[in-house]
Amino acid sequence: MGTTMEATQELVLTFYGDDFTGSTDAMEALTMAGIPTVLFLAPPTPADMTRYPGVKAVGVAGTSRSRSPQWMDAELPEVFRRLKALGAPFCHYKTCSTFDSAPTIGSIGRAAEIGEDVFGAPVIIVVGVARHQRYVMFSNLFASASFSGGDQIFRIDRHPTMSRHPVTPMAEADLRCHLAAQTGRRVVGFDFRRMLAGNAAQALDQEFADGADMVILDTFDAATTLAAGRLIAHHGRTGQRFLAGSSGIEYALAEHLTAAGRLPFAPPPGPRGAADKLLVLCGSCSPITAEQIAWAEQHGYALIALDTEKLVESRGGQAEHDALKAEAIRALSSHAGVVLHSARGPGDPRLAPTRAALGRLGLSTEDSSRVLGGFLGRVVRDLLADCPVSRILLAGGDSSSYAAEAMGIEALDVAGPLLPGAPLCRIHAPDPAINGVEVVLKGGQAGGPDAFGRVLAGR
């Protein structure tokens, strides 16, 4: 791997996830490759690290996907400096594999600028993840409808969900152009022909010597994934480096380390099996999640529709909290699966009045994840104290981040494999009511129609 990795104590990689569900995707990629990983909600201190012996990678689950560049300027430099201080050769800013972001919300370009400044070196960007059906060719991004779904592949600006995302719609498939709207720094592509050539490392060095700040690598199959891992390792041979992109970073590094005979450090965990009960919190308006809610309804799950307009107007008041908690406990007493949902797809009639309610309070559409996710997190935290449930599922990238914070989670590790990009995790928390509870954090695009059933069955 190079002298830098050999010299650092034990960590292979640190990463900051721009939302919670994406962070567990990166943790899964590392853990299942034999790299023991712990995901924290805040950068860990040395004392925190002593509670997790044998860890080889450390992540921080963040909320920057729903934040402004001004928030990033205030928060991310210190986070990146604290991760850098842990000594790993690489620090990864983990984004969704659909790369959805905008100049004013979740700006990947701004985050990469901050990382470049903190680490003092140009940034490699990897977005394609072949096993999740996300492909980058000549710097253009293509994706299936979901991680698990179908054979039809869409250019990301024609994707049925991401082209119509309510906050960060993807209107540009060329990631160079997409990033150029978010940063004034020089972004270039390094396509698969150059990646697979015999002089790939030297050609990449020349791009950096010529002034490239951010270099996008093509990734769409096993060969380009392995080549990306080799080039990342080459980039880190002389110092700590900052990386940006999807869990393609983790898969690429794992492929390279495996080929070099350095993995696994530890055997990956196996399947956990079925749970007695499953509580699902849906803060996603994705059509994929809507299909999953419909499947649950058809298979005997209890569905509880949130009055999102009322919740916003009351700012998640105690009366609404107590009423929802009581309703969910009653449903759990007679059903194996219970689903709390804030929307059933992008056409849900609750969406418009909820946006209007946010506006009356001086809030924007982007604030809905914080308001509703935080409310659901507090409800499930208090529900678990009175009605123990061994397994829960949080569906929705942005809302899950805020729900996890409100629950009081300190850290997660992977309990076992489950859905592609959404492993079964184990909660570590000071509150005994949630410590040890199993949780799946699923983005809106993850899983097939029967995802909730698979989580309950543990398969």
**Asked** Given the structure, is LYS310 under 19 Å from ALA403 (Cα atoms), modelled with pLDDT of 95 or more and either open to solvent by 10 Å² or more (accessible area, probe 1.4 Å) or basic (Lys, Arg) (or both)?
**Response** no
**Fill in**
Note on segment 24-52: residues buried (at least 24 other Cβ atoms within 10 Å of the Cβ) and in a helix (DSSP H, G or I) are THR24, ASP25, ALA26, MET27, GLU28, ALA29, LEU30, THR31
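Can you give me the number of residues within segment 72-106 that are within 15 Å of the chain's Cα centre (by Cα) and not charged (D, E, K, R)?
Quick first cut of segment 72-106, residues within 15 Å of the chain's Cα centre (by Cα) only: 92-101, 106.
Filter again for not charged (D, E, K, R), leaving 92-93, 95-99, 101, 106.
Final tally of qualifying residues: 9.
If the requirement is being modelled with pLDDT of 95 or more, exposed (fewer than 15 other Cβ atoms within 10 Å of the Cβ) and out of contact with any helix residue (DSSP H, G or I) (no Cβ under 7 Å at 6 or more places or on another chain), which of these qualifies: ALA331, ALA326, ALA352? Working first, answer last.
Details: ALA331 fails: exposed (fewer than 15 other Cβ atoms within 10 Å of the Cβ); ALA352 fails: modelled with pLDDT of 95 or more.
Testing whether each residue is modelled with pLDDT of 95 or more, exposed (fewer than 15 other Cβ atoms within 10 Å of the Cβ) and out of contact with any helix residue (DSSP H, G or I) (no Cβ under 7 Å at 6 or more places or on another chain) leaves just ALA326.
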**Prompt:** Restricted to segment 147-205, and to residues that are β-branched (Val, Ile, Thr) and either in contact with a Gly (Cβ under 6 Å, 6 or more places away or on another chain) or not in a helix (DSSP H, G or I) (or both), which residue is nearest to GLY109 (Cα to Cα)?
**Reply:** THR183
**Complete:** Within segment 133-148, of all residues that are out of contact with any Asp or Glu (no Cβ under 7 Å at 6 or more places or on another chain) and closer than 17 Å to LEU217 by Cα, the one surrounded by the fewest Cβ atoms within 10 Å (Cβ to Cβ) is PHE142
**Prompt:** Among all residue pairs at least 6 apart or on different chains, which show Cβ distances below 8 Å where the first residue, located in segment 30-59, is closer than 20 Å to LEU441 by Cα and touching a residue at least 40 places away in the same chain (Cβ under 8 Å) and the second is open to solvent by 20 Å² or more (accessible area, probe 1.4 Å) and in a helix (DSSP H, G or I)?
**Reply:** ALA33/TYR251; ALA33/THR258; PHE40/ASP48; LEU41/GLU405; PRO43/VAL79; PRO43/ARG82; VAL58/MET49
**Prompt:** Of the numbered conditions (1) surrounded by fewer than 24 Cβ atoms within 10 Å (Cβ to Cβ); (2) assigned to a helix (DSSP H, G or I), ILE232 satisfies every one except a single condition; which is it?
**Reply:** (1)
**Request:** Given the conditions (1) of a type outside the set (Asp, Glu); (2) under 20 Å from the mean Cα position of the chain (by Cα); (3) crowded, with 19+ Cβ neighbours inside 10 Å; (4) modelled with pLDDT of 95 or more, report the number of the one that VAL118 does not fulfil.
**Result:** (2)
**Request:** With respect to ALA244, determine if the residue is open to solvent by less than 10 Å² (accessible area, probe 1.4 Å) and on the phi < 0 side of the Ramachandran plot.
**Result:** yes
**Asked** List pairs: first in segment 281-302 and free of Cβ contacts under 8 Å to residues at least 40 places away in the same chain, second among the acidic types (Asp, Glu), Cβ under 9 Å, 6+ apart or cross-chain?
**Response** none
**Request:** Determine if segment 97-106 includes at least one residue that is within 22 Å of THR365 (Cα to Cα), of a type in the set (S, T, N, Q), assigned to a loop (DSSP other than H, G, I, E, B) and open to solvent by 40 Å² or more (accessible area, probe 1.4 Å).
**Result:** yes
**Prompt:** Among the residues of segment 334-349, which ones are surrounded by 21 or more Cβ atoms within 10 Å (Cβ to Cβ) and of a type in the set (S, T, N, Q)?
**Reply:** SER342
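The values are calculated or read from the model by the stated rules, or taken from the named source; none is laboratory data. Remember, it's a predicted structure, so these values are computed and weren't measured experimentally. A quick note on method: Cβ atoms are made from the backbone with ideal geometry, for glycine too, and the neighbour counts reach across all protein chains shown. Ligands, DNA and RNA are stripped out before the accessible areas are found, and what is left, the full protein with its side chains, is counted by its heavy atoms. Shrake-Rupley method; radii C 1.70, N 1.55, O 1.52, S 1.80 Å.
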